[in-house]
Amino acid sequence: MMNPFAQRLPIFTEELEPEAGPEVAKSPNTDLTLSLAPARVQRMLGFLVAGLVISTFAAQLLKWRGKALGVARFFDADVKVNFPTGFKVFALATGALLAWVVSRAARAQSDPLARHWRLLAAVMAFVAIDEMAYVHQSMGSLLKDHIDTSGILHHAWIIIYLPVAFVIGIRFIPFLRGLQSDLRIRLIASGILFAGGSAGVEMLKGLQASSEGEDSLRYFLTTALSDSLEMIGLAIFIGALLIELGRRAPVIALRVVTPAR
């Protein structure tokens with residue numbers, strides 16, 4: 001006789017469904033869409049750069065007064081392993097990537113400016129590597145061993161980088177003329193701020209270092225100004241590229257090609 005309890009149990013005649021793991025593994029490919037609003041990114045960059053600028057000036061003041069040096073070094077522009085330098089490397093690499101993507105979109109549209117966008121991407125990639133590996137500082141130290149530099153050439157890397165930057169700027173004049181006015185203004189503004197901070201203010205720092213030494217408050221504040229102008233310029237540059245990318249290719253598909261087995 002069947003157990004009365006067993007009689008009340010449900011009887012399953014269909015196979016149990018497999019667990020979620022194998023089902024997910026066998027499911028078709030999934031398309032992912034990531035929305036990016038240039039205006040929102042610009043606001044985020046603005047807040048981030050504002051915080052870094054304030055922290056950079058505060059770090060120089062603390063350094064001058066000899067207080068909280070362990071904390072100040074994280075925002076000290078003269079100590080290259082810090083948050084401002086990390087932001088600059090990230091922003092430069094991001095700018096290089098965005099400029100390359102814009103060049104691909106311009107090439108697909110048969111835009112003659114596509115090669116200029118590729119050149120801009122290459123320049124940004126080099127500057128990112130330079131900032132990360134301290135190439136210009138090492139080059140400046142090498143030049144100081146062979147050339148007596150002082151005054152505005154105290155940071156000797158300017159001797160090489162300034163003429164190269166001038167030639168590149170001349171090379172980009174036709175490119176800038178071919179852009180829409182708002183994009184042209186943004187790129188010129190970002191270039192002036194970045195170049196002014198990295199080279200122009202560096203020459204001013206050289207004068208102060210030669211006349212007052214590198215321990216004066218004026219020198220410390222000028223150091224903070226140099227990094228601040230660079231970061232502001234990079235934020236404007238990324239915002240400009242995002243707007244241009246939105247005009248040319250509002251939707252970007254990323255396809256990962258797997259090797260055939």
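Working from the pairwise distances between different alpha carbons, so that the mean of 1/r is found and then inverted, what is the chain's Kirkwood radius in Å? Kindly include the intermediate steps, with their values, before the conclusion.
On the way: mean 1/r = 0.0455 Å⁻¹.
Result for the chain stands at 22.0 Å.
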Worksheet item: How far apart, in nm, are two points set 7 Å out from the Cα along the Cα-to-Cβ line at residue 104 and at residue 80?
Response: 3.1
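Over all pairs of distinct alpha carbons, what does the Kirkwood formula give as the hydrodynamic radius of segment 73-212, in Å? If you can, show how the numbers build up before the last one.
Numbers: mean 1/r = 0.0603 Å⁻¹.
It is 16.6 Å.
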Worksheet item: To the nearest whole percent, what portion of all C-alpha pairs in segment 48-119 is separated by more than 21 angstrom?
Response: 46
Fill in: For the chain, size of Cβ-based charge dipole, Lys and Arg +1, Asp and Glu -1, in debye
640
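Where in the chain are the DSSP H helices whose alpha-carbon span along the long axis reaches 15 Å or more and whose Kyte-Doolittle mean is at least -0.5? It would help to have the intermediate numbers written out before the result.
Numbers: long enough: 38-65 (40 Å, 0.77); 83-108 (37 Å, 1.02); 114-133 (29 Å, 0.89); 158-171 (19 Å, 2.25); 181-195 (21 Å, 1.12); 201-212 (16 Å, -0.08); 217-248 (47 Å, 0.99).
Within the chain the helices that satisfy the rule are 38-65, 83-108, 114-133, 158-171, 181-195, 201-212, 217-248.
Given R₀ = 30 Å, what would the calculated FRET efficiency be for residue 185 paired with residue 258, taking r from the Cβ atoms and rounding to 0.05?
Working: r = 44 Å, r/R0 = 1.45.
The computed FRET efficiency comes out at 0.10.
Does segment 185-261 classify as rounded, prolate or oblate by the C-alpha gyration tensor (a ≥ b ≥ c root eigenvalues; a/c under 1.5 gives rounded; else a/b over b/c gives prolate, otherwise oblate)? Before the final figure, lay out the partial values.
Numbers: a/c = 4.76, a/b = 2.44, b/c = 1.95.
Judged from the Cα gyration tensor, segment 185-261 comes out prolate (a/c at least 1.5, a/b above b/c).
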Fill in: 15 Å cut-off, amide nitrogen to a point 7 angstrom out along residue 210 Cα→Cβ, residues in segment 139-155
144, 147-155
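Grab the Cα-Cα distance for residue 132 and residue 164, subtract it from 0.36 nm times how many residues apart they are, and report the gain in nm with one decimal.
On the way: separation 32, 0.36 × 32 = 11.52 nm, distance 1.95 nm.
Roughly 9.6 nm would be gained on extension.
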Discussion item. Apply the Karplus curve 6.51 cos²θ - 1.76 cosθ + 1.60, θ = phi - 60°, to the phi angles in segment 148-157 and return the couplings in whole Hz, x for Gly and Pro.
Written reply: 7, 10, 7, x, 5, 9, 4, 8, 5, 4
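If you take every residue apart from residue 53 with its C-beta less than 12 Å away from the C-beta of residue 53, what net charge results, scoring Lys and Arg +1 and Asp and Glu -1? Display every interim value, and only then the final one.
Numbers: positive: none; negative: 227, 230.
Net of charged neighbours comes to -2.
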Worksheet entry | Reciprocal of mean inverse Cα separation for segment 221-261 (Kirkwood radius, Å) | 13.4
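Looking at the P(r) of segment 197-240, how many percent of alpha-carbon pairs lie beyond 17 Å? Walk me through the numbers before you get to the answer.
Working: 334 of 946 pairs.
Distances greater than 17 Å cover 35 percent of the Cα pairs.
What order do you get for 34-40, 59-65, 221-227 when each peptide is scored by the mean count of other beta carbon atoms within 10 Å, highest first? Show your work: numbers first, answer last.
On the way: 34-40: 10.1, 59-65: 19.6, 221-227: 22.0.
Highest-to-lowest ranking by the protection proxy: 221-227, 59-65, 34-40.
Computed from the coordinates by the stated procedures, all read-outs in this text should not be read as laboratory data. Owing to the predicted nature of the structure, the values given are computational and were not obtained by experimental measurement. Cβ coordinates were reconstructed from backbone atoms using ideal geometry, including for glycine residues, and neighbour counts include every protein chain displayed.
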